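**Student:** First the structure, which I've put down as structure tokens, then a few questions once you've had a look.
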Amino acid sequence: MTAFLKLLFRNRLAALGAVVLSAVLILVLLTPVLPLQNPDITATADRFQKPFTEGHLLGTDHLGRDLLSRLLHGTRLSLAVGIAAALIAATIGSAIGIVAGYFGGRADNIIMRGVDMLMAFPYILLALVIVAALGPGLMNALIAVAAVNVPFFARNIRGITVGLAGREFIDAARLAGMGHIRIILTELLPNVLPVIIIAMSTTVGWMILETAGLSFLGLGSQPPQADLGSMLGEARSALISHPHTSVVPGIMIFLIVMSINLLGDGVRDALDPRLRSGALSRPRAMTLVERKGEVPAPTDDLLAIQDLQTQFHVGDRVYRAVGGVSLSVKAGECLGVIGESGSGKSVTALSVMGLVASPPGVITGGAVRFQGEDLIGASYESLRQKRGDRVAYIFQDPLSTLHPLYRVGRQLSEAIQSHHDIPTAETQARAVQLLRDVRIPNAEARVDNYPHELSGGMRQRVGIAMALANEPDVIIADEPTTALDVTVQAQILSLLDDLQRERGLAIIFITHDFGVVAQLCDRIAVMYAGRIVEEGPTPSVLEAPAHPYTKRLIACVPELGGGQRALAAIPGLPPLVDDLPPGCAFASRCEKAQETCRTGEVMLKGDASRAVRCHYPEEAI
Ligand code: ADP
Ligand code: MG
């Protein structure tokens with residue numbers, strides 16, 4: 001709640017709206033106890049007094065009634081009717097929308113056609129018809145305004161409910177044996193409530209105006225009772241000769257409606273879940289860099305990640321997802337990065353091209369050098385030119401990286417054309433060739449397929465084709481084979497292996513699968529809690545792991561045909577990256593850990609070819 005208020009008040013206009021509206025609300029709540037004159041007592045001798053005359057701060061109207069008193073009483077009534085109408089419309093409309101959206105099918109059809117019929121009338125006309133049928137009066141105006149706004153809520157909420165009703169958590173509730181009412185109340189309602197509140201906050205102002213409109217026409221509040229609309233209506237005949245009688249209620253309507261709308265917009269923005277996580281701003285085009293300390297000197301590697309530190313700043317918590325990682329690849333080399341889920345592999349990979357979402361991501365130290373040039377702190381334009389052209393990514397989930405509405409050939413063309421000025425006919429031919437390269441059968445026909453027409457393995461291969469489209473120097477593959485079955489996985493690995501040899505492609509291959517690493521990679525780096533704990537040539541690391549963590553990881557892998565043996569799961573869990581222990585992060589799970597492991601910083605020992613971060617390694621380095 002406090003987070004919501006903080007977010008709301010960061011929006012200056014919403015804060016202004018809240019202040020004005022609160023002032024008005026406090027005034028009208030205090031109206032009965034304020035020393036005001038009776039709003040309905042006429043004194044024709046005092047008619048049309050100017051504002052600031054003795055005893056009448058805002059002057060008097062055509063019957064000599066005190067305008068200040070009438071204004072406050074009128075505002076009280078207008079606000080009460082407008083808010084009541086909004087509550088009624090929201091309750092009935094939302095109930096209709098939820099029922100229609102949840103049950104769907106025929107119920108939905110019948111209900112929504114009824115709502116459509118209501119919507120087909122111009123609604124001010126509809127309100128007039130309703131009041132005409134019921135007779136003039138404030139209560140009937142309230143009913144009319146509520147009724148004409150029901151369809152708005154019904155439509156909005158139905159749309160949201162239809163989307164929610166098909167989601168897994170509703171199915172799960174059904175599987176758990178919950179009844180319809182229970183599902184609607186406990187599963188659906190909490191999810192649509194923010195939308196209802198947003199819809200209400202943006203329509204209350206409108207409903208107050210509509211009520212005032214009906215009163216203005218003489219169909220709402222009846223004399224002598226004042227509301228803002230009837231005050232305007234009565235002042236109409238003296239608009240030119242005594243403008244203050246119209247200006248006073250006019251300004252009040254303006255203040256109320258403006259403040260409610262500003263506040264409503266603010267509430268809508270603050271309740272939007274996408275904006276809630278960080279600040280009231282959308283992610284930047286590149287990761288925020290707040291680099292402290294020295295920038296490491298260039299090396300002659302093709303891509304070198306040097307002492308990289310990436311953190312997530314959420315509120316006053318700091319998540320050290322990547323805490324000083326150094327990795328490098330040369331042309332034609334494949335580096336495997338291995339580690340448990342959450343060890344910081346993806347964040348390291350995304351930091352290279354400034355793709356970590358900011359906020360909350362911040363790169364706080366180190367350098368990433370591509371052909372010697374430091375990419376951290378490079379201009380957006382220089383990063384953009386390299387993204388997908390010199391350094392390409394393959395992501396884990398192919399369906400989410402392909403656009404669902406474009407044919408795959410077109411998407412491949414687009415990947416090329418965003419970096420090179422090549423005519424579409426040529427890029428289409430190249431798209432076919434790329435699909436052939438990644439061994440998609442019948443590539444000529446497949447270029448015209450949409451992503452949903454391809455199998456998971458094919459989509460992943462399209463993702464790889466897209467990464468290859470501009471013949472990059474480096475490919476960073478983040479668990480690209482996790483979603484695939486073993487035969488497809490083997491094909492893709494051999495494809496990457498060929499490319500690495502033929503084109504001199506450098507690959508950083510992120511995975512938690514030792515089998516994949518053994519097959520493809522020249523070197524392995526093992527990550528734990530945001531740091532490299534061991535690095536070395538693949539055979540050396542696999543056959544003689546030096547870090548106890550690596551050893552335990554390898555021991556977890558079952559061996560095909562290796563006979564029965566107890567698989568040693570690693571006890572405990574990795575530490576949370578917002579609360580890393582001093583010393584070795586693995587110490588609490590390590591059976592060799594001594595007191596020294598738990599206190600001081602453990603350095604990476606060894607050289608660039610073979611290194612381990614451990615005081616008591618399994619193998620001497
Ligand atoms: P993996 O090694 O499985 O790819 P990641 O690199 O995705 O792990 O994540 C590393 C750590 O960073 C995890 O502990 C994760 O919880 C944390 N993290 C990732 N994204 C965010 C975020 N937006 N806000 C806070 N923490 C995050
Ligand atoms: Mg990951």
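Quick note: the coordinates plus some simple rules give every number you see, no bench work behind them. These figures come from a predicted structure and were not determined experimentally. We place every Cβ from the backbone using ideal geometry, glycine too, and count neighbours over all the protein chains shown.
**Student:** What does the convex hull of the alpha-carbon atoms of the stretch 334-430 project to on average, in nm²? Can you show the working numbers first?
**Tutor:** Values: hull surface 34.1 nm².
Computed as one quarter of the Cα hull surface, the answer is 8.5 nm².
**Student:** With N denoting the number of residues in the stretch 116-185, provide Rg(C-alpha) divided by 2.2 N^0.38 Å, to two decimal places.
**Tutor:** On the way: Rg = 18.0 Å, N = 70, 2.2 N^0.38 = 11.1 Å.
Cα-based Rg divided by the globular estimate yields 1.63.
**Student:** Next question. Once both axes come from the Cα atoms, what is the angle between helix 408-417 and the longest principal axis of the chain, in degrees from 0 to 90, rounded to 10?
**Tutor:** Approximately 80 degrees, to the nearest ten.
**Student:** Still on this model: How big is the shadow of the Cα convex hull of the chain, averaged over all directions, in nm²?
**Tutor:** Working: hull surface 160.9 nm².
For the Cα atoms of the chain, the hull's average projected area reads 40.2 nm².
**Student:** Name the residue farthest towards the positive end of the dipole of the stretch 464-621 from the options LEU496, TYR549, THR538, assuming +1 on Cβ of Lys and Arg, -1 on Cβ of Asp and Glu, about the Cα centre.
**Tutor:** TYR549
**Student:** To two decimal places, what compactness ratio does the stretch 133-233 give when its Cα radius of gyration is scaled by 2.2 N^0.38 Å?
**Tutor:** Details: Rg = 19.3 Å, N = 101, 2.2 N^0.38 = 12.7 Å.
After normalising by residue count via 2.2 N^0.38 Å, the value is 1.52.
**Student:** Which order do peptides 377-388, 55-66, 306-317 fall in by mean Cβ count within 10 Å, highest first? Don't skip to the answer; put the middle values down first.
**Tutor:** Details: 377-388: 15.0, 55-66: 20.0, 306-317: 17.4.
Ranked from most to least packed, the peptides come out as 55-66, 306-317, 377-388.
**Student:** Calculate how steeply helix 138-165 sits against the longest principal axis of the alpha-carbon atoms of the chain, using the helix alpha-carbon long axis, and give the answer as 0 to 90 degrees to the nearest 10.
**Tutor:** Tilt of helix 138-165: around 10 degrees.
**Student:** Between THR487 and ASP448, what length in nm is gained on full extension when 0.36 nm per residue of separation is reduced by their alpha carbon distance?
**Tutor:** Numbers: separation 39, 0.36 × 39 = 14.04 nm, distance 2.51 nm.
Full-extension gain reported as 11.5 nm.
**Student:** Can you give me the Rg/Rh ratio for the stretch 367-518, using Cα atoms for both radii and the Kirkwood formula for Rh? Please report the intermediate quantities before stating the final value.
**Tutor:** Working: Rg = 15.3 Å, Rh = 15.9 Å.
Expressed as Rg/Rh, it is 0.96.
**Student:** Residue-wise, which Karplus ³J(HN,Hα) couplings in Hz belong to the stretch 19-34, taking 6.51 cos²θ - 1.76 cosθ + 1.60, θ = phi - 60°, and x for glycine or proline?
**Tutor:** 5, 4, 5, 4, 4, 4, 4, 4, 4, 6, 5, 7, 3, x, 9, 6
**Student:** Here's another thing I want to ask about it. Report the antiparallel proportion of the DSSP beta bridges in the chain as a percent, rounded to a multiple of 5. Walk me through the numbers before you get to the answer.
**Tutor:** Details: 31 of 52 bridges.
Around 60 percent antiparallel, to the nearest 5.
**Student:** Here is a follow-up. For the stretch 26-163, what is Rg from Cα atoms divided by 2.2 N^0.38 Å, rounded to two decimals? Kindly include the intermediate steps, with their values, before the conclusion.
**Tutor:** On the way: Rg = 21.3 Å, N = 138, 2.2 N^0.38 = 14.3 Å.
Against the empirical 2.2 N^0.38 Å value, I get 1.49 for the stretch 26-163.
**Student:** If neighbour count is taken as other Cβ atoms inside 10 Å, put ILE532, ILE111, ILE26 in order from fewest to most.
**Tutor:** Values: ILE532 24, ILE111 18, ILE26 10.
Lowest to highest Cβ neighbour count: ILE26, ILE111, ILE532.
**Student:** Continuing with this model, one more query. May I ask for the angle, rounded to the nearest 10°, between helix 244-271 and the longest principal axis of the chain, with both axes built from Cα atoms and the value confined to 0 to 90°?
**Tutor:** It works out to around 20 degrees.
**Student:** Then there's this: Would you mind giving the three semi-axes, in whole Å and largest first, of the ellipsoid equivalent to the stretch 479-570 according to its Cα gyration tensor? Write out the running numbers ahead of the final one.
**Tutor:** Details: eigenvalues 109, 62, 29 Å².
So the equivalent ellipsoid measures 23, 18, 12 Å along its semi-axes.
**Student:** Post the alpha-carbon centroid distance, the stretch 221-271 to the stretch 284-347, in whole angstrom.
**Tutor:** 58
**Student:** What order do you get for ARG236, ARG610 when you list them from fewest to most C-beta neighbours inside 10 Å? Write out the running numbers ahead of the final one.
**Tutor:** Numbers: ARG236 10, ARG610 18.
Going from least to most buried by this count: ARG236, ARG610.
**Student:** Tell me, in nm to one decimal, what length is gained between ALA133 and GLU595 on full extension, where the rule is 0.36 nm per residue of separation less the Cα-Cα distance? It would help to have the intermediate numbers written out before the result.
**Tutor:** Working: separation 462, 0.36 × 462 = 166.32 nm, distance 8.65 nm.
The span from ALA133 to GLU595 would gain 157.7 nm if fully extended.
**Student:** Going by amide H atoms built from the backbone, whose H comes under 5 Å of the H on ARG387, apart from near neighbours?
**Tutor:** Long-range HN contacts for ARG387: none found.
**Student:** Normalising by the residue count of the chain, find the relative contact order in percent from Cα pairs under 8 Å and 6+ residues apart.
**Tutor:** On the way: 1084 pairs, mean separation 70.0, N = 621.
After rounding, I find 11 percent.
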